[in-house]
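Chemist: Quick one: the structure is below, and I'll ask about it shortly.
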Amino acid sequence: MAENLFGVTAQCIVDLKQEYYGLDVYESAVPRWCPGCGDNAILSSVQKLCRDEQLPPERTVFVSGIGCSSRFPHYMGTYGFHGLHGRAFPVAEGIKLRRPDLDVFVNMGDGDCCSIGTAHWIHAIRYNMNMVALIHDNEIYGMTKMQASPTTPTGLKTSTTPYGARLEPLNILAATLGVTNVSFVANVPDWMPEVMYNLLRIAYRHKGLSIIRIVQRCPHYLPHLFDPIVTDPDKSLILLHDDGLQISDELAKVYKDHLVHDPSDLHRARELASMEDKVPVGVLYRNEEIPCYDDLMRPQRSVTDDVRQEVLESEFDKFAVNVN
Amino acid sequence: MQEPTDTKGTVMLPESGVEQDRAPGPPRVVGDAPLVDEEEMEIVRSAHLRFKFVGVDSEDLASIDGLIPAHLYPLLRFETVRADYPAVLTSEGEPASLTSITGDLIERLEYEGDERRYRERSILRHESVMRRLVDTEGPRPLSELWNAALEVVADELAADERESVLDHLREARSGLSETGMVVPFGREAALALLGRVAAERAREQLARLRSELGRLQQQLKAMLDVDRSETPEAHTPDNLAASVGQAFSGDFDFEALSELMDQGPHGPTLTTERRTRMESILSALSEHLGTLEDAETRESNFDVVSKPAQILDRVSAHRDRSFGLVKAVQMARLEASNQYDEGQHGPQFDAFRPDQLSKSDLVSLPITPVVVNQRDLDKVLPVLQECLDSDDPIKVLLMVETPVSAGTKAGFQTPVGQRLLAAGRPTTAIFQVSLADLKAVADVFAQALAFPGPAVVCLYVGSEYGPDSIHPYLGAAAARDARVFPHFESNPGNGREWAGRFRIERNLDLSEIWPISNIRYRDHDDSEREEPWAFTATDLMAAGSRFADGFRRIPREHWHDDLVPLHDFLLLDHRDGLVPYILMVDTDGGLYRVICSDKIVGWTERVGFRWRSLQELGGIDNSHALQLLETEKRRLADESRKRIEEVEDELRAELDQKTGVLAEQIVSNIAAGLLGGGLASPAAPPARGSIVMPAASSEEKAEDEAAVPVEAKPADEAIEEGIDEEAQEEGDEEEGLSFDEPYIETLRCTTCDECTTINPRLFAYNENKQAYIADATAGTFRELVLAAEKCPVKIIHPGKPLDPDEPHLDELIKRAEPFQ
């Protein structure tokens, strides 16, 4: 294969109209999350991803539901849609279906996605549309003052469970891996910025719905919930693979428990998702062979300017008055 | 929906000139779905076949006006393409390209992150403007071009970003050390480049010659001076006084000295004839030295010749120039070594004529290349061939403007370089090169000038393309890559055999008939696709307008299964009913299939065959070598098979023998047991697959025991030791670090805002929005400790207090301990 036909490689073609987007381009309003909130770390990694992938702000959309994490679109210098509780997925799907050229990201909390939005979550996985979904899982409803969420640990006292939560928490990873057509699942805590960035990049480049569950600290209501994992690096199991996560030598010295895990192995991914003694960190599952709904439903007719005009004209005609 | 926020800090381009700055996106398939009515499609199919066979048009077939081959489409806005263009003929050294010079400027930028990217964009934008200016306004010095482009950039930019971009460029300009002339693509660039290379070569030759002539001149002068010093005239008191000089004239009695010297036995040894001859040679050498100095300072002048007589004049003039020089040098050498024999050499030199000069005599003086335009080739070719056959070291640059010619009866002519090659001149260096490859052209020029024999450089200058079609650079590069004007070097100076003298390595995809590259496009359903697609001679023909009659664009609704990509079509043995097509794109990015006539296909195949011949000469899949390889493989396979059979036979025989011995031994053991009375049980046979070792001698056992460690350490202890060593190493690594200064493990920062909220001057974010100590003196030790305590990932290390007078230090140091 000739990479430099005519003495020119793809890198030689400079699109000067294409601006360079620095980190500041993706920064918008000053985040109003509490100091120490894991959402800050997620925002920072996402902004870095946007800069490094040079995503045009006018062609990038962040969609969210309701909750602390759903403030996310406000803090991005891109387009955004701060929608209804639990309905981030349907809105994002609608955008992607109509505008497949846009890069769509979805931000949801554990309550937003896994409680009121559960049906949409399940079907979004089945639709497998080409988007990145971030589940900010702090295991509590923070914005509404500490009610138990579907992922709240057993025994945790909250304003809705004053005697401690009774039910086993929902395992987001295992549940996601159990749904038909799942194509990408990763897990990362917010205090590993390098891993979060690497996983975001892998997820962004994956074709299909990439779900990243982020273990996120709430410093206000549950400041010590994750202390056992934060303070003991051995509680994290780093999943490494050539086709998955890779980490720097520096980080490998801190987090020494590594496991080579082939992300194409769904059965093993489910086993890892169900681990109780450690937190698996990395790509649990990845399969690009799963069909994407946005590809299946792609319009057969190109939407050219002429087509747009024709449709607009016909719509306007409905309001026209026939003077004859 | 939220509106995107402002793009402060980005390099925004003005609305004007948007079209020319925008690199085209992937082309897209346009048109309606193919017809489903079989009868209608059959009519379409027939029309396509009619066009293919005899070029008959039908209604659905459209011309290819305004279309360019799909491979060339991404390069449509050529000023934004960072190709090896335009050439910068620097005052010294190899020619560079503008792209490489600005690339060096970018490389040397002392900025990181976003700031670096912004500056990089400014330089690239400026480079693009310079490229455009050279194309539209012609050659100019680099410094002048830089300034002119700066003005254009300033005009094009919006006011709010003009200053920052101009600052970037002014700063970059200070790093620009190169000087030279920037020349647009074409014949002038080729001649300028040839001028530089020829001048460089001439400088080297003239320096050598001048050194040789100077040495001879000195020798002859010294001989004459010595001889002159022996004459009575040299011994007069006045001459002796003059030879000593005024400083010491009072110290000598020159009268007495003169008398004394006159009494000596010495006298002049040179005859008057020899002295006269030597003086005449010296005069000739001086004259030639003067001529050489003139030649060195004179600019090379390449008049384009268009008549046969001009070539002969050039050859004859060079011979005459060389003749005088060679004669003077030869005579001087003989005189200097006292070997000149008037009786023998006099008549020889009198009879010496310019046509007797040897090849090495002719290359002593720089040779001015002869430049011939392709359109004059037919007129001058017979004389040119005569000169080449005579082995005179003539250097010819043949400027090719149209590598393919459709005017001849044969259809399409072979490029002249390949024709000369086919004529089989083993002592002529023949090169074929496209001007798109600047370094190759310079290298080829240098080879041609250095070769001590005739040399022809066929250079494609791409001038048939222009503003209405593709850029001439692309035309020249495309001709090379489509194998229509492939690069080759046949230099007998590198060896007599083909393997030594012939090179085709500068071409792409050497082992393929056509180079293959991916084409990206959007399909009718808007999905993005990427397919490998060959770039063939047909694509090159479609790029110009001369062969437009051989191509027709067909709408998508008329696509059918009998349309076959041309590169696949060319590989088929049975082509009945099939129509080949290539992909072309219009200026709006619409992608079309374009069918081509049999005539075009036939010519493309001939180009492929010619390339195949070059491949064979260049040793790529050489058919003779492949045949030999096949024969050798078969022979080796036969030998291996025979050897395996022999080994099998040997092993079988050995097995049979050992089985027999073992059987006998068993029988004899049983017999001994039965007959001997003692029921000694036979030795148990060894376990299947086990190896029975002979018993070790006592010495060997002792040695073995000595080899066993006295106290083997358990595995877990060894691992622990390994870990300890590792820890020790880590400890060693960290030994050099000082913990007195506060620091943050920035890579692990989660951007939580805790520390920056406490004191934004003490703590700050870097370009990746991760915290570091911005100024340790901008805050208190208390703030450092507080931040360390609040940091959710415990990556802030307060160090030791800077201010010994800070209140409550004892308490703070204690609180800081867990974080050190």
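Bear in mind these aren't lab numbers, they're just calculated from the coordinates by the rules spelled out. Please read all numbers here as calculations on a predicted model, not as lab measurements. Glycine also receives a Cβ, built like all others from the backbone with ideal geometry; neighbour counts cover every protein chain displayed.
Chemist: Report the calculated FRET efficiency for B:Ile644 and A:Arg205 (r = Cβ-Cβ distance, R0 = 56 Å), to the nearest 0.05.
Modeler: Efficiency at R0 = 56 Å is approximately 0.60.
Chemist: Another question, then. Can you sort A:Trp121, A:Trp33 from fewest to most other Cβ atoms within 10 Å of each residue's own Cβ?
Modeler: Details: A:Trp121 26, A:Trp33 22.
Ranked by crowding around the Cβ, least crowded first: A:Trp33, A:Trp121.
Chemist: Let me ask another. Are there any helices in chain A, counted as whole DSSP H runs, that stretch 15 Å or more along their axis by Cα and score at least -0.5 on average by Kyte-Doolittle, and if so which?
Modeler: Within chain A the helices that satisfy the rule are A:38-52, A:88-98, A:193-205.
Chemist: Okay, next question. When A:Thr144, B:Thr90 are ordered from fewest to most other Cβ atoms inside 10 Å of their Cβ, what list results?
Modeler: Starting with the residue having the fewest Cβ neighbours, the order is A:Thr144, B:Thr90.
Chemist: Distance from the Cα centre of the stretch B:146-188 to that of the stretch B:305-340, in angstrom?
Modeler: 50
Chemist: What is the P(r) of the stretch B:517-616, as percent of Cα-Cα pairs per 5 Å bin from 0?
Modeler: Per 5 Å bin, starting at 0, the Cα pair percentages come out as 2, 11, 22, 24, 20, 12, 6, 2, 0.
Chemist: Using the Kirkwood radius over Cα pairs, work out the Stokes-Einstein diffusion coefficient for chain B at 20 °C and 1.002 mPa s, in µm²/s as a whole number.
Modeler: In µm²/s, the coefficient rounds to 58.
Chemist: Taking a ≥ b ≥ c as the square roots of the eigenvalues of the Cα gyration tensor of the stretch A:58-108, is the shape rounded (a/c under 1.5), prolate (a/b larger than b/c) or oblate?
Modeler: oblate
Chemist: Mind checking which lysines have their Cα closer than 22 Å to the Cα of B:Lys439? Skip sequence neighbours fewer than 8 apart in that chain.
Modeler: The reachable lysines, counting only those whose Cα sits under 22 Å from B:Lys439, are B:Lys395.
Chemist: Same structure, new question: Is there a quick way to get the dipole size of the stretch A:21-97? I mean about its Cα centre, with the Cβ of Lys and Arg at +1 and of Asp and Glu at -1; what is the value in debye to the nearest 20?
Modeler: Details: 7 positive and 7 negative charges, 40 e Å.
Using only the charged Cβ atoms, the result is roughly 180 debye.
Chemist: B:Asp341 versus A:Ala119, label points 7 Å from Cα toward the beta carbon: distance in nm?
Modeler: It is 12.0 nm.
Chemist: Could you give me the radius of gyration and the Dmax of the stretch B:771-820, taking only the C-alpha atoms into account and expressing both in angstrom?
Modeler: Calculated on Cα positions, Rg and Dmax stand at 10.2, 30 Å.
Chemist: If you don't mind, another one. Please express the Cα-Cα pair-distance distribution P(r) of the protein assembly as shown as a list of whole percents, one per 10 Å bin, running from 0 to the bin with the greatest distance.
Modeler: In order of increasing distance, the bins hold 2, 7, 11, 13, 13, 13, 12, 10, 8, 5, 3, 1, 1, 0, 0 percent.
Chemist: Over all directions, what mean area does the Cα convex hull of the stretch B:174-230 project, stated in square nanometres?
Modeler: Mean orientational projected area (the stretch B:174-230, Cα hull): 7.3 nm².
Chemist: For B:Val305, what is the net charge nearby, where nearby means another residue's Cβ is under 9 Å from its Cβ and Lys, Arg count +1, Asp, Glu -1? Write out the running numbers ahead of the final one.
Modeler: Values: positive: B:Lys307, B:Arg314; negative: B:Asp303, B:Asp313, B:Asp376.
Residues close to B:Val305 contribute a combined charge of -1.
Chemist: I'd like the orientation of helix B:598-617 relative to chain B: the angle between its Cα long axis and the longest Cα principal axis, in ° from 0 to 90, rounded to 10.
Modeler: 80
Chemist: Sort A:His120, B:His524, B:His471 by Cβ crowding within 10 Å, fewest neighbours at the top.
Modeler: B:His524, A:His120, B:His471
Chemist: Calculate, in nm to one decimal, what B:Glu230 and B:Glu741 gain on full extension: separation in residues at 0.36 nm each, minus their alpha carbon distance.
Modeler: This chain segment gains 175.0 nm when fully extended.
Chemist: May I ask for the net charge around B:Asp57, where only other residues with Cβ less than 11 Å from the Cβ of B:Asp57 are counted and Lys, Arg are +1 while Asp, Glu are -1?
Modeler: So the environment of B:Asp57 carries a net charge of -1.
Chemist: Can you give me the distance in nm between label points at B:Thr276 and A:His85, each placed 7 Å from the Cα along the Cα-to-Cβ direction?
Modeler: Modelled inter-label distance: 12.6 nm.
Chemist: Beyond 28 Å, what percent of the Cα pairs of the stretch A:10-153 remain?
Modeler: Cα-Cα pairs in the stretch A:10-153 separated by more than 28 Å: 20 percent.
Chemist: Quick one: helix B:472-481 against the long Cα principal axis of chain B, what's the angle to the nearest 10°, folded into 0 to 90?
Modeler: 70
Chemist: For peptide A:22-29, what's the mean number of Cβ atoms from other chains within 10 Å of each residue's Cβ?
Modeler: For peptide A:22-29, the averaged partner shielding equals 6.
Chemist: Here is a further query. Checking the a/c ratio against 1.5 first, then a/b against b/c, what shape does the Cα gyration tensor give for the stretch A:40-83? Please list the in-between numbers first.
Modeler: Numbers: a/c = 3.01, a/b = 1.37, b/c = 2.20.
Oblate.
Chemist: Using r as the Cβ-Cβ distance of B:Val54 and B:Asp562, and R0 as 25 Å, what FRET efficiency do you calculate, to the nearest 0.05?
Modeler: 0.90
Chemist: What is the distance, in nm, between label points placed 7 Å from the Cα along the Cα-to-Cβ direction at A:Leu97 and at B:Ala159?
Modeler: Between A:Leu97 and B:Ala159, the simple spin-label model gives 4.8 nm.
Chemist: Once you have the Cα-Cα distance between B:Glu632 and B:Ser511, take 0.36 nm times their residue separation minus that, and quote the gain in nm to one decimal.
Modeler: Numbers: separation 121, 0.36 × 121 = 43.56 nm, distance 2.21 nm.
Taking 0.36 nm per residue and subtracting the Cα distance, the gain is 41.3 nm.
Chemist: GluC sites (Glu not before Pro) within the stretch A:44-102: which are DSSP loop residues with at most 11 other Cβ atoms inside 10 Å?
Modeler: none
Chemist: Thinking of the stretch A:111-208 as a set of Cα atoms, what percent of all their pairs are more than 21 Å apart?
Modeler: Tail fraction, whole percent: 41.
Chemist: Then there's this: Hey, can you rank B:542-551, B:236-245 by average C-beta count inside 10 Å, highest first?
Modeler: Answer by packing, highest mean first, reads B:542-551, B:236-245.
Chemist: Which loop-located trypsin sites (Lys or Arg not before Pro) does the stretch A:208-303 contain, where loop means any DSSP state but H, G, I, E or B and the Cβ has at most 13 other Cβ atoms within 10 Å?
Modeler: Listed in order of number, the matching sites are A:Lys256, A:Arg301.
Chemist: What is the average number of partner chain Cβ atoms found within 10 Å of a Cβ in B:191-204?
Modeler: 0
Chemist: Averaged across orientations, what area in nm² does the convex hull of the alpha carbons in the stretch B:418-467 project?
Modeler: 4.0
Chemist: Could you state the angle between the C-alpha long axis of helix B:142-156 and the longest principal axis of the C-alpha atoms of chain B, as a value from 0 to 90 degrees rounded to the nearest 10?
Modeler: With rounding to tens, the tilt is 50 degrees.
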